[in-house]
Amino acid sequence: MYVCLCHGITDKDIREAVAGGATRMSEIKRTLKASTQCGSCAMQTAAVLRDELAKI
Ligand code: FES
């Protein structure tokens with residue numbers, strides 16, 4: 001599902017970033033650009049990040 005419409009980022013993209021070593025929102029923003037334009041996806045992006053980090 002799309003999380004960040006501004007940049008076309010899906011929850012899978014965020015989960016893959018975590019698998020690649022990302023652990024912080026700043027890393028998700030830098031690598032995927034999620035939540036770097038309108039910002040309306042920030043809560044959802046953080047929720048997917050937290051969910052994925054809880055699995056490791
Ligand atoms: Fe993610 Fe706009 S929807 S920055």
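The values are calculated or read from the model by the stated rules, or taken from the named source; none is laboratory data. Note that the structure is a prediction, hence the values are computed from the model and not measured. Don't worry about glycine lacking a Cβ; one is built from the backbone with ideal geometry, like all the others, and counts go over all protein chains shown. The area values use the complete protein model at the heavy-atom level, side chains included, leaving out ligands, DNA and RNA. Shrake-Rupley method; radii C 1.70, N 1.55, O 1.52, S 1.80 Å.
Structure notes:
- Residue that is most open to solvent (accessible area, probe 1.4 Å), among those in the stretch 1-14 that are touching a Leu at 6+ places or on another chain (Cβ under 9 Å) and in a helix (DSSP H, G or I): 13
- Contact map, the stretch 37-56: first residue farther than 12 Å from residue 24 by Cα, second residue of a type in the set (Phe, Trp, Tyr), Cβ cut-off under 9 Å, separation 6 or more or different chains; pairs are 41/2.
- Residues in the stretch 1-38 that are in contact with an Asp or Glu (Cβ under 6 Å, 6 or more places away or on another chain) and either more than 14 Å from residue 49 (Cβ to Cβ) or basic (Lys, Arg) (or both): 1, 15.
- Residue in the stretch 37-48 that is farthest from the chain's Cα centre (by Cα), counting only those that are of a type outside the set (A, V, I, L, M, F, W, C) and buried (at least 17 other Cβ atoms within 10 Å of the Cβ): 44
- One residue from 14, 56 being more than 16 Å from the ligand (Cβ to nearest atom) and aliphatic (A, V, I, L, M): 56
- When the residues of the stretch 20-36 are filtered to those that are without any contact (Cβ under 8 Å) to a residue 24 or more places away in the chain and part of a helix (DSSP H, G or I), the one that is least open to solvent (accessible area, probe 1.4 Å) is 28.
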